[in-house]
1. In a Debye calculation with equal point scatterers on the alpha-carbon sites of region 1-56 and no solvent, what is log10 I(q)/I(0) at q = 0.16 Å⁻¹?
2. Label points 7 Å out from Cα along the Cβ direction at ALA256 and ALA81: separation in nm?
3. What ranking, highest mean first, results for peptides 110-116, 237-243 when packing means the other Cβ atoms within 10 Å averaged over each residue?
4. May I ask you to give the percent of accessible area on region 322-453 that is carbon plus sulfur, with a probe radius of 1.4 Å?
5. What per residue convex hull volume, in Å³, comes out for region 418-475 when only alpha-carbon positions are used?
6. Two-decimal Rg/Rh of the chain from alpha-carbon positions, Kirkwood Rh?
7. Taking the alpha-carbon set of region 363-475, what are its Rg and Dmax in Å?
8. Sequence-distant or interchain residues sharing an amide H contact under 5 Å with GLY363, placed H: which?
Amino acid sequence: MSLDTFIRLVYIVAAACFVMGLHLMNSPATARRGNQLSAAGMAGAVLGTLLLIAAGDVSTTGTLIWPIIVVGLVVGGGAGAYTARTVKMTAMPQLVSIFNAMGGGAAALVAIDEFVRAAGIGPHTLGTAEVVATVLDVVIGSVTFTGSLIAAGKLQGIVTGTPVKLPAGQAINVVLAVVALVAAVYLIAVGQVLAMLGVLLVVALIFGVTMVLPIGGADMPVVISLLNAFTGTAVAMAGFVIDDPVLIIAGALVGASGGILTKLMADAMNRSIMNIIVGGFGTGDAGAVAAAGAATGGGSVRELTVDDAAIQLTYAQHVIVVPGYGLAVAQAQHATAELAALLEERGVDVKYAIHPVAGRMPGHMNVLLAEANVPYPQLWEMEDINPEFQRADVALVLGANDVTNPAARSDPSSPIYGMPILDVDKAANIIVVKRSMRPGYAGIDNLLYTDPKTGMLFGDAKEVLTQLISAVKAL
């Protein structure tokens with residue numbers, strides 16, 4: 001068997017590992033194994049490529065190739081290991097955005113390198129299919145790179161979370177799209193001109209910024225998922241450019257799964273993907289702190305003491321915990337799990353209600369609670385948990401806001417009207433743990449807070465839960 005044939009087989013096995021790994025991630029019970037299998041496939045693909053380089057079967061940059069590879073492995077691997085061990089769960093969404101940026105940017109660079117080397121030899125050395133893939137790779141990868149950096153900046157607070165409406169923003173985007181189309185047609189039909197590729201690159205980088213800036217913080221979970229799909233598509237295009245089946249398969253899997261997830265997330269908000277991209281919805285963290293009792297409708301807010309809340313929880317039969325981003329900010333997942341375990345010891349049935357867009361990225365609450373070893377069967381999706389609220393004695397809302405707002409059902413003038421929400425208001429009693437009356441990302445007051453059944457516990461979620469644990473133990 002020749003070395004080339006052997007490496008091709010390694011690539012096929014690696015691709016199979018990606019497919020099986022993604023399948024195993026469908027279930028929490030096998031998700032860890034799926035990650036391990038996918039990582040093993042990628043390790044095999046990398047080792048196979050290094051073996052090809054060592055055998056001299058691929059073009060290299062001369063004697064510098066190995067130092068470049070070693071430095072890349074050390075820097076990239078070291079940065080990955082460090083961030084994986086030190087990143088806080090609240091910072092996970094922006095880390096994912098940065099990973100999206102790196103993936104899209106790297107894919108674009110692969111196509112640019114291939115194009116530059118071909119253009120240096122002579123015109124039309126790349127086939128039409130390769131040029132088309134190059135154009136798509138550069139456009140999608142560059143948009144993903146700058147768009148993901150802006151998204152990460154919004155999530156981190158470096159860039160305002162409110163929609164930034166540029167003067168004549170839509171007109172600018174139309175001009176950018178026309179220029180990109182002209183450059184793409186020229187490259188495909190006329191010839192491989194580096195200057196035209198440069199124009200395409202710059203236009204795509206600018207469009208990534210102008211596309212994400214007008215999107216508000218409320219839509220960041222969907223944006224992250226969309227940019228993840230873009231990253232996968234760019235990687236697949238890079239695979240077509242250099243004829244690498246591993247890149248094609250891995251990119252296609254990421255692109256397809258990211259696209260499906262984006263559609264599901266948009267459906268969970270009852271909005272189209274196009275509406276999210278151009279809507280400028282949500283105010284991020286810039287909403288002013290509203291005074292107690294200033295919620296829509298002029299209703300009053302009822303504050304609750306820790307002891308009163310502990311009594312309600314202790315003597316309840318069915319409790320539903322509703323986690324949100326405030327839980328992640330306070331790093332209160334372990335205290336939540338401890339309180340739930342304490343209630344279960346006293347015979348209380350505890351469930352967790354998970355909204356698809358709770359937090360700042362898809363699956364944020366699932367990952368957060370898994371870190372605290374909350375049994376996965378206790379995590380109920382929105383469609384399954386909503387009928388349970390009617391028989392719940394207490395709904396304990398921990399930092400969730402827009403996803404519990406009844407205005408989505410009752411107020412046609414509300415910007416979130418029609419968005420599927422958790423039916424928290426149908427529980428017999430509601431306890432909301434929140435730092436203040438500040439609005440959520442949608443920038444609107446929550447009608448749940450003025451519901452007569454709702455008692456507000458103001459404070460940091462972790463501190464309040466610690467006090468609740470002590471109060472429950474004292475009963």
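The values are calculated or read from the model by the stated rules, or taken from the named source; none is laboratory data. Keep in mind that what you see is a predicted model, and the values were worked out from it rather than measured. As a convention, Cβ positions derive from the backbone with ideal geometry for all residues, glycine included, and neighbour counts pool all protein chains shown. The accessibility values were calculated without ligands, DNA or RNA, using every heavy atom of the protein model including side chains. Shrake-Rupley method; radii C 1.70, N 1.55, O 1.52, S 1.80 Å.
1. Evaluating at q = 0.16 Å⁻¹ gives log10 I(q)/I(0) of -0.50.
2. About 3.4 nm separates the two model spin labels.
3. Numbers: 110-116: 19.7, 237-243: 22.1.
Sorting 110-116, 237-243 by mean packing, highest first, produces 237-243, 110-116.
4. Numbers: 2360 of 4670 Å².
C and S fraction of accessible area: 51 percent.
5. Values: hull volume 6.4 nm³, N = 58.
Each residue corresponds to 110 Å³ of Cα convex hull volume.
6. 1.04
7. Here Rg and the maximum Cα pair distance are 14.6, 46 Å.
8. none
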